[in-house]
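Have a look at the structure below, then the notes.
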Number of protein chains: 2
Amino acid sequence: MENNNIEFEDTVLLDEQVYDLAELFKILGDPTRLKILSAIQSKELCVYDIADTLEMTQSAISHQLRILKQARLVRYRRDGKTLFYTVSDEHVAEIISIGLEHTSE
Amino acid sequence: MENNNIEFEDTVLLDEQVYDLAELFKILGDPTRLKILSAIQSKELCVYDIADTLEMTQSAISHQLRILKQARLVRYRRDGKTLFYTVSDEHVAEIISIGLEHTSE
DNA sequence: TAAACAAATGAATAGATATTCATATAATAA
DNA sequence: TTATTATATGAATATCTATTCATTTGTTTA
């Protein structure tokens, strides 16, 4: 596929950049993942506690954490058998904040 | 479904708020819609010109514009037979900018 | 009025994805 | 080693969605 020379604020966006950006928003575009990110935004939580907080199964949370990990939005620290997850990206909170400004209008 | 009391930065998020926020990001999470928003972010374009710029069909663009319209992310002005679309939300550019900061790392 | 043009829409389809269930992996304790 | 606990993973499924194609709606002009 060719590059269509889409511009955003005086910058030419390559097709690949647009796809990467869409990928980021797609990941944020799921209630479960947003809840996970909110829950571990300012504190570490293990998988079980995230599942407990969201009232969802461990498996469902684990699947979503894998997606968030691949997108480098979360990281974890191991303590024995337990993995403690937390948000790894400084932009996430900012994006969510601005998003909330839009939706709360 | 009950409210799970998910917090984000000292604010309790209601389930409905999380769903609305996910809905916003879901809409931004598509390359075609991102390209449309970029193309009409600082200038008005008619449907045909958007389709031409993105090298896509008029129908595909029109379908996506409907979704963007419903989310109040774009608005249009009629001039004769032609509708000129532009971005209507001040937060869109901001969210895209921060998103690009993340993806370009 | 009819013709031409711009955009919207409905149905169909192919591809993507979130969750569930069962199981596997990994670390620790007995 | 075996049992237990915490997490990850693979397969299956149900749901969702982006595009295409055909058609319709709406506006202007001849």
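The values are calculated or read from the model by the stated rules, or taken from the named source; none is laboratory data. Predicted model, so just to flag it, every value in this text is computed and none were measured. Note that we place each Cβ from the backbone using ideal geometry, even for glycine, and neighbour counts take in every protein chain shown.
Here are some notes:
- Flag for residue B:13 being near DNA strand C (Cβ under 10 Å from one of its atoms) and either free of Cβ contacts under 8 Å to residues at least 40 places away in the same chain or more than 7 Å from chain A (Cβ to nearest Cβ) (or both): no
- Residue in region B:79-95 that is in contact with a Pro (Cβ under 9 Å, 6 or more places away or on another chain), surrounded by 14 or more Cβ atoms within 10 Å (Cβ to Cβ) and either in a helix (DSSP H, G or I) or more than 8 Å from chain A (Cβ to nearest Cβ) (or both) present: no
Each row is one residue, and each column tells you yes or no for (1) at pLDDT 95 or above; (2) buried (at least 18 other Cβ atoms within 10 Å of the Cβ); (3) over 24 Å from residue B:35 (Cβ atoms).
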site: A:5; (1), (2), (3): no, no, no
site: A:8; (1), (2), (3): no, yes, no
site: A:29; (1), (2), (3): yes, yes, no
site: A:52; (1), (2), (3): yes, no, yes
site: A:57; (1), (2), (3): yes, no, yes
site: A:77; (1), (2), (3): yes, no, yes
site: A:97; (1), (2), (3): yes, no, yes
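- Matching residues, region B:33-70, being charged (D, E, K, R) and under 22 Å from residue B:90 (Cα atoms): B:33, B:35, B:43, B:44, B:66, B:69
- Selection of first residues in region A:53-73 that are farther than 26 Å from residue A:21 by Cβ and of second residues that are basic (Lys, Arg) and within 10 Å of DNA strand C (Cβ to nearest atom), restricted to Cβ pairs under 6 Å at least 6 apart or on distinct chains, gives the following pairs, ordered by first then second residue: A:54/A:35.
- Filter result for residue A:20 (among the charged types (D, E, K, R), without any contact (Cβ under 8 Å) to a residue 12 or more places away in the chain and away from DNA strand D (no atom under 13 Å from the Cβ)): yes
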